[in-house]
Amino acid sequence: MESDPGFTAAQFVLSEDAPQCDMILKGGVTSGIVYPRAILEVAKKYRLRSIGGASAGAIAAGFAAAAEYARRNGDPAGYARLDECCAKLPSILSGLFQPPAHLRSLLQAGLGLTAAKNKLGGFLAPLRWILASGAGLGAAVYAGLLAITDLLTTAPVWSPAAIPGLIFAVIVGAIAHLALRVGLMVFGDLRRQNYGLCSGMPVGAAKSQSLTEWLHTSLQFIAFGDQPPDRPLTLRDLEGGGQFPGLEIDFRTITTNLSMQQPEVISRTRLNLFFDPEQWARLFPADVMNYLKAGQPDPSAAHLHSLPKGLDLPVLVAIRMSLSFPFLIQAVPLWLRDAAIKGRPFSQIWFSDGGITSNFPIHFFDALLPSRPTFAFSLDDRPDTFETSDRISMPQNARDGSILPIHRIETLGNFAGALLGSAKGWQDQMQSVLPGQRQRVVRIKLDKATEGGLNINMSKEVSERLMGYGGEAGRLVCQKFNFAEHRWRRALVAHEQLEVLTDTLRKAWPEYGVWYSGYIRHVESYCESINFAHRQEIARRFWSLSAASVDLGPPLKVKYPRPPARLRTAPEL
């Protein structure tokens, strides 16, 4: 393999005290082709410490983590290898998605619906053989009925007057056959295909690598070079300090637990999950399966094995569970003990695309007062009125970027897309425009009709143009981002919210504390883990905080940055 001469190992040699950063990458199916060059440009200046993303963003985040792992272990060429792997994407992109032969037409029809023009034609063209056979069947049925009528009557039936009926029969036959065959594929085959057209593994005698194969070989090559070990890259590899202890890599992806209707960071889940080796062998390469099956099967269900937890999880598994784009890439089945149902010790649960619940997990790695920047790359739709110069933006002025991009709603499809996007992404979107947050978000605007998204048949020229946008975005981060100003704004936001918190505590605790002191002798939960001495110490600390809030005085009467934020208790992901 030969590296792109634009990126060499020497460009990624950094000192131990080089600046560090975190990185969040938004999902976007093929739009993720933007990210590699952005990562490479940032990695010339920063060491990557915490890296995460959703869906396609999870792929790029995994590659970045693998490259940083190599650099941290004295091999800066890992980044050159990342570029080498991704430089081939424009030529191999469409071949990565490999449905079974009998479902290829359904995949092409679905992609046709995303076409910029003539969506109906784009949908019907791949299904023309179904339409033709249905039309032929309709004509045959009509001819048969005419033949029977001819035998039973003396009146002539084979005449020009029969042509309208023939045309009607052809149309009805084509439509009925299309509805039947597509219905069987969608409601029958897709269910048996784990609700997705592509497993990620090769189909038949495929001439090109499939998506999961390519991910696995790329991860191994980026992290370990030409002679990777016979085990997959794991989170434990990333966590180790390498030549620079204290520079651990925190890699996270988000997936959607459909069965429990919640997002999940699979490497940090509290669920005790199991996998069926027979099911997973259709989703992961053989050497990954050998690693996963190394543990003993569960004695209560011999066919199930425990999913490696925490740092023992392969990076590939964390990525694959985040990119199960609905109906395109198969969902991932796992099993969970289910004591609620008698006679069934395990229930199957399904994991799908992380973007369903959080396509832009900007909350990853965040802190009230950050010690290093967390850069977030967002893939947005490009409004028709924007010029080429508006493709990349990263607002640094205090007032810029406080309003989200406005999406045009002119069709029923636009309306439906806006409904779905609002339902699943409003929290991520609102957080991305908060003061002290929006200055770290790089927005890359793409033409939804022709660039990225479900356009898996993008031309090589379009794909390479998108990769160029990523390089531009990465250079913008390195040249424009002002970390000192970012920390100042974050301090203002934190101070306002701490004032609200301390003022609330000052007003509420005196009465609450009296009740608390009386009740701690009679608590009914957490009695062993928090003994009476601990409960008293909690009371003392609350009283101290309450007294400190009185010493602070009333909240300052100043104009803080807007829109306002709120400190709140939320589930940890």
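The values are calculated or read from the model by the stated rules, or taken from the named source; none is laboratory data. Everything quoted here is computed from the prediction, not taken from an experiment. Using ideal geometry, Cβ is built from the backbone for each residue, glycine included, and neighbour counts are taken over all protein chains shown. These accessible areas exclude ligands, DNA and RNA; they are computed on the full protein's heavy atoms, side chains included. Shrake-Rupley method; radii C 1.70, N 1.55, O 1.52, S 1.80 Å.
Things to note:
- Distant-in-sequence amide contacts of K26, defined by a placed amide H-H separation under 5 Å and a gap of 5 or more residues or a different chain, comprise F377, L379.
- Computed magnitude of the charge dipole of the chain (debye, nearest 20; Cβ of K, R +1, Cβ of D, E -1): 1000
- With the convex hull of its Cα atoms as the shape, the stretch 178-331 has an orientation-averaged projected area of 11.8 nm².
- In order along the stretch 483-494, phi translates into HN-Hα couplings of 5, 4, 5, 4, 5, 4, 5, 5, 5, 5, 4, 5 Hz, rounded to whole numbers, per the Karplus curve 6.51 cos²θ - 1.76 cosθ + 1.60 with θ = phi - 60° and x for Gly and Pro.
- Accessible surface calculations at 1.4 Å, restricted to protein heavy atoms, place the chain at 50 Å² per residue.
- Whole-percent carbon and sulfur share, accessible surface of the chain, 1.4 Å: 60
- Placing R0 at 35 angstrom, the Cβ-Cβ distance between A286 and N482 gives a FRET efficiency of 0.10 after rounding to 0.05.
- With all pairs of separate Cα atoms included, the stretch 76-193 yields a Kirkwood hydrodynamic radius of 17.9 Å.
- With the simple spin-label model, which puts each label point 7 Å out from Cα in the Cβ direction, the W426 to L271 separation comes to 2.5 nm.
- Around G204: net Lys/Arg minus Asp/Glu count, Cβ-Cβ under 14 Å: +2
- Using a cut-off of 27 Å between Cα atoms, the listed pairs K424/K445; K44/K88; K45/K445; K119/K460; K44/K207 include K44/K207 as exceeding that distance.
- Backbone amide hydrogens, once placed in the peptide plane, bring R47 within less than 5 Å of Q20, C21, excluding anything fewer than 5 places away on its chain.
- Counting Lys and Arg as +1 and Asp and Glu as -1 over every other residue whose Cβ lies under 15 Å from the Cβ of L313, the net charge comes to +3.
- Within-13-Å neighbourhood charge of L184 [Cβ basis; K, R +1; D, E -1]: +2
- Over the stretch 142-272, relative contact order from alpha-carbon pairs under 8 Å, at least 6 apart, %: 8
- In percent, rounded to a whole number, the relative contact order of the chain is 19, using alpha-carbon pairs under 8 Å and six or more apart.
- Taken one residue at a time, the phi angles of the stretch 62-79 give Karplus couplings (6.51, -1.76, 1.60, θ = phi - 60°) of x, 5, 4, 5, 5, 5, 5, 4, 4, 4, 5, 9, x, 10, x, 5, x, 6 Hz. Gly and Pro are set to x.
- Counting all C-alpha pairs of the stretch 468-573, share separated by more than 22 Å (%): 58
- DSSP beta bridges in the chain [antiparallel fraction, %, rounded to 5]: 45
- Check: the stretch 95-238 dipole with +1 on Lys, Arg Cβ and -1 on Asp, Glu Cβ, in debye: 220
- Each helix, a run of at least 4 DSSP H residues, gives -39500 (n - 2.57); summed and divided by the residues of the chain, these come to -13500 deg cm²/dmol at 222 nm.
- When the P(r) of the chain is calculated, the portion above 48 Å amounts to 23% of the C-alpha pairs.
- With 0.36 nm allotted per residue and the present C-alpha distance subtracted, the V172-E464 stretch has 100.6 nm of extension available.
- Built amide H within the under 5 Å cut-off of I254, gap 5+: G53, S55
- Label-point gap, in nm, between L145 and A418 - each point 7 angstrom along Cα→Cβ: 4.5
- For the stretch 159-170, Karplus couplings with θ = phi - 60° (6.51, -1.76, 1.60), whole Hz, Gly/Pro x: 8, x, 5, 7, 5, x, x, 4, 4, 4, 5, 4
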